[in-house]
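Asker: Handing you a structure now.
The values are calculated or read from the model by the stated rules, or taken from the named source; none is laboratory data. Computed from a prediction, not measured in an experiment: that's the story for all the values here. Positions of Cβ are backbone-derived with ideal geometry, glycine not excepted, and every protein chain shown enters the neighbour counts.
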Amino acid sequence: MKTPLLIATLATTPIAAHSATVVLNNKDSSGLVTTGSQATFGGQSFILSTAGAGTGDTVAANSPLPATATLNSITFVKAPTGSATAGQLYVKIYTGSADATGTPVAVSSNSIDVNSATALSDLAWTFSGSSLSTSTTYFAVFSTNNANDSTGTDGVGARIAAANFGGGFVSTYSGGTAFNANSPTPAGVAFDSRFAVTFTTVPEPSAALLGSLGLLAIFGRRRA
C-alpha cells in the first residue's frame, strides 16, 4: 500500500507556490484622448485588488488575489505640455494619507527627470522587494528624494496625463483618485491619472496545500 508513503512524502516536502505577474492598468483605456489631458499631480491612490479600466488589466483574471503581493513598478504618462515642480523625481508609497501624516512603506529604486521626458511617453518607476497588502489603499506620491520617510513630497508635483474622454477629465478607476500637489495637504480630485501598477503575487501556502490534498484524494479514489 503506497498511499501512506505518499502522505508522509507530502507532509515533509516543501510545497511550491507559483507566482503570477499582475497588471493594474488604468493607463490606456479605450476612448481616451490626449489633447488637453494633463494636470500637475502630486500622485494617485490605488488598491491592488481593484481592477483598472485599461485594456491590459489582469487583476480580475487573477482574482481573488492573495493577501500580499510584491510591488514591481508604477507607470504614469508624461503630459503633452507643461513642467513638473521639480525635474528629477522618485515615487514614494504611503498608507493612511498622501501628506506628511501618512506612513511611508516603499520608495522607488530609480528617479526620472520628468521635465526632460518626451510628451505622452511612459514614465516607469521600479521597486525592489516592496511587500504590499492587496486590500489596502496606497498613495503613490512624487518626491525629490529617495529617503524612506515623508520628506521631499510637500508641494511636489509632476505634469502627467489624466484620464480624459473628449476633452474633459474623468474618473475611470474606482479604487482611488488622483490628488493635487497642494502644500501641505494634497487634495483629492474627482478624476484619475493615467497609470499602471505591476506586481507579483504568490499563492498562500494553505492554497498550495489544498491543491496537493486534492491530488491526493484523486489518487486515493483511483487506487480504491
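Asker: Under the condition of being farther than 28 Å from residue 102 by Cβ and at pLDDT 70 or above, which residue from segment 1-29 is surrounded by the fewest Cβ atoms within 10 Å (Cβ to Cβ)?
Answerer: 18
Asker: Would you say residue 65 is part of a loop (DSSP other than H, G, I, E, B), within 14 Å of the chain's Cα centre (by Cα), closer than 20 Å to residue 199 by Cα and not basic (Lys, Arg)?
Answerer: Criteria met by residue 65.
Asker: Looking at 113, 99, 149 in this structure, which one is modelled with pLDDT of 90 or more, within 22 Å of residue 47 (Cα to Cα) and more than 18 Å from the chain's Cα centre (by Cα)?
Answerer: After ruling out the rest, the residue left standing is 149.
Asker: Here's another thing I want to ask about it. Mind telling me which of the residues 144, 153, 136 ends up being touching a Ser or Thr at 6+ places or on another chain (Cβ under 7 Å) and buried (at least 16 other Cβ atoms within 10 Å of the Cβ)?
Answerer: Residue meeting the stated conditions: 153.
Asker: Further question on the same structure: Would a scan of segment 52-68 turn up a residue that is within 18 Å of residue 181 (Cα to Cα), of a type in the set (Val, Ile, Thr) and crowded, with 19+ Cβ neighbours inside 10 Å?
Answerer: No.
Asker: Take the residues of segment 166-184 that are touching a residue at least 24 places away in the same chain (Cβ under 8 Å) and loosely packed, with under 14 Cβ neighbours inside 10 Å: which is nearest to the chain's Cα centre (by Cα)?
Answerer: Looking at the filtered set, the residue picked out is 174.
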